[in-house]
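Engineer: Take this structure first; my questions come after.
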Amino acid sequence: MLEMTSTIDLQQVNAICGLTTDRRCTLLNSVILDGGGLTDFSSRQQVKRKLYRAMRTVMGLHLESSEAMSIDGAAYYFTKIHRVLPMPWSSQLAEQNTTHVVPWQAKEVFRFTSDELQAEVTCQVFATGSTRPMKAVSVKSVPRIKIVPNRPQSVDWFTSLAFRFENFFTLFLGTSVGLKHVQLFQRDDDGWVVQKMRLRKEKVNLQTCVRCPLQSAAGALMKWLAVPRDQQLVELNMLSMMRKSNIFTETEFLTLAQTLEGFGRIRFGGKRPRRAKVDQLIKQTYDMISSDLAHKLVGDRAEFTNKVIQTRDYYTHLGNPKGTLVAKSNKELFLLNKRLHAFLRCVMLIDLGISEDHLKEPILYQATRWQ
């Protein structure tokens, strides 16, 4: 028997700097593809060409590479987060009309310094609008998260932070948040990252949004950005389930169960987390919430713990008999997943310093809306 294997050796160019009719541009991490060309067989002449497919493009700047430490700061624009941030304008009600006062400058929502990132993080809100003859004036709120590190960083460094901001605001809204634009600053110049974004089209349900004082939100974001890289897998597992629309119910449950165990090991495991028993970790996580709210969310402490463990064991160990508390039907497993989502979201927000008083109503709605 003859075994045939083939390998494709793709050449990569770190950066290609050029010009457009508008501004300068840089193609980053371009892969050279076989571009074919044109062949005239009668004269035996051929014109060859090369095609380049860029992973991302930066319009307005010339850069050495995506890893070059040359960017002084970045601004991020996300979908939906204006729902939980204050409006930049004020309104004055009168008997005959309503006057809206729109400032020219951005309104600062909060600002803090991240010691872990060694950067200043600022949240601002702009007011933009349009006026058309014989039509109403429209004004909308445009939030912006800006980060300025103490020393220049790379494009890769800034884009990796964008997804952490996405996950943070998804946790607060209870709805998938998407990155729309990234603006880069280099000395007196600025540029925009052009990259294909996968935005999940999902309407915001205001009943799932967590609203709290702005200082609490700033403190939570500071703690979020301080989470070590080796502990970020817990948040990625949980939030990836919130941001996917099509997934098997069993797969969703196993991921949530793994996230619950991982959260417990990080939060309560101590120096030797692997020796902690799963049931103890789940019970300790349960105790982070007041008994009244926890009982409304997932029921009795011991019954909830055993239900999660028995259901997980049934789906991970083939041939195991069903325990008395295993989720026996698709409907029961679906509802358990929804409660696990709400429970994990609740303990993660509490761990970030958000008061339970600000969580109770949206978390309970999230857990019971499918009943």
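What follows is calculated from the coordinates using simple rules that are stated; it is not laboratory data. Source: prediction; values computed, not measured. Please note: Cβ atoms are built from the backbone with ideal geometry, for glycine as well, and neighbour counts cover all protein chains shown.
Engineer: Is there a quick way to get the dipole size of the chain? I mean about its Cα centre, with the Cβ of Lys and Arg at +1 and of Asp and Glu at -1; what is the value in debye to the nearest 20?
Structural biologist: Charge dipole, the chain, about its Cα centre: 700 debye, nearest 20.
Engineer: How big is the chain on each of its three principal axes, counting only the C-alpha atoms and giving the largest first in Å?
Structural biologist: Projected onto the principal axes, the Cα atoms of the chain cover 89, 80, 45 Å.
Engineer: If Rh is defined by the Kirkwood formula over all Cα pairs and Rg also comes from Cα, what ratio Rg/Rh do you get for the range 150-254?
Structural biologist: 0.99
Engineer: Find the relative contact order for the range 229-368 and round it to a whole percent, using C-alpha pairs within less than 8 Å whose residues are 6+ positions apart.
Structural biologist: Value for the range 229-368: 24 percent.
Engineer: Which value, in debye to the nearest 20, describes the size of the charge dipole of the range 165-320 about its Cα centre when Lys and Arg Cβ atoms bear +1, Asp and Glu Cβ atoms bear -1, and nothing else is charged?
Structural biologist: Value, rounded to 20: 200 debye.
Engineer: Extending each Cα 7 Å along its Cβ direction at Lys277 and Arg187, get the distance between those two points in nm, one decimal.
Structural biologist: Distance between label points: 6.5 nm.
Engineer: When you count, for each residue, the other Cβ atoms within 10 Å and take the mean per peptide, how do 155-162, 48-55, 290-297 rank with the highest first?
Structural biologist: 155-162, 290-297, 48-55
Engineer: Same structure again: Put +1 on the Cβ of every Lys and Arg and -1 on every Asp and Glu Cβ in the chain; which of Val182, Leu61, Asn237 then has its Cα farthest towards the positive end of the dipole?
Structural biologist: Working it through, the farthest residue towards the positive pole turns out to be Asn237.
Engineer: Can you find, among Thr39, Thr159, Gln118, the residue sitting farthest towards the positive end of the charge dipole of the chain, where Lys and Arg contribute +1 and Asp and Glu -1 at Cβ?
Structural biologist: Sorting the options by dipole projection puts first Thr39.
Engineer: Most fluctuating residue of Thr285, Thr20, Thr311 in a GNM of the chain with Cα springs under 10 Å: which is it?
Structural biologist: Comparing Thr285, Thr20, Thr311 in a Gaussian network model of the chain, the most mobile one is Thr20.
Engineer: Another question, if that's okay. For Trp89 and Ala302 in the same chain, what is the full-extension length gain: residue separation times 0.36 nm, less their Cα-Cα distance, in nm?
Structural biologist: Between Trp89 and Ala302, full extension yields 71.7 nm more.
Engineer: Along the charge dipole of the range 229-368, pointing to its positive end and built from +1/-1 on Cβ of Lys, Arg, Asp and Glu, which listed residue (Phe248, Tyr314, Phe343) has its Cα farthest out?
Structural biologist: It is Tyr314.
Engineer: For q = 0.23, 0.26 Å⁻¹, what log10 I(q)/I(0) does the range 11-59 give under the Debye formula with an equal point scatterer on each alpha carbon and no solvent?
Structural biologist: Debye curve over Cα of the range 11-59, log10 I(q)/I(0) at q = 0.23, 0.26 Å⁻¹: -0.81, -0.90.
Engineer: What relative contact order, as a whole-number percentage, does the chain give when Cα pairs under 8 Å and 6 or more residues apart are counted?
Structural biologist: Once divided by the residue count of the chain, the mean separation gives 13 percent.
Engineer: Still on this structure: Taking springs between alpha-carbon atoms closer than 10 angstrom, which of Asp300, Asp357, Asp188 fluctuates most in the Gaussian network model of the chain?
Structural biologist: Checking each option, the largest mean-square fluctuation is seen for Asp188.
Engineer: Further question on the same structure: Which order, highest average first, do 333-341, 201-209 follow once you tally other Cβ atoms within 10 Å for each residue and take the mean per peptide?
Structural biologist: Packing order, densest peptide first, comes out as 333-341, 201-209.
Engineer: In Å and on Cα atoms, what radius of gyration and Dmax does the range 229-368 show?
Structural biologist: For the range 229-368, the Cα-based Rg and Dmax read 14.4, 44 Å.
Engineer: Taking the chain as a Gaussian network, Cα atoms linked when under 10 Å apart, which of Asn246, Asn29, Asn237 shows the biggest mean-square fluctuation?
Structural biologist: Highest fluctuation among the options: Asn246.
Engineer: Calculated from DSSP H runs of 4 or more alone, at -39500 (n - 2.57) each and per residue, what is the 222 nm mean residue ellipticity of the chain, nearest 500?
Structural biologist: Roughly -11500 deg cm²/dmol at 222 nm, from the helical runs in the chain.
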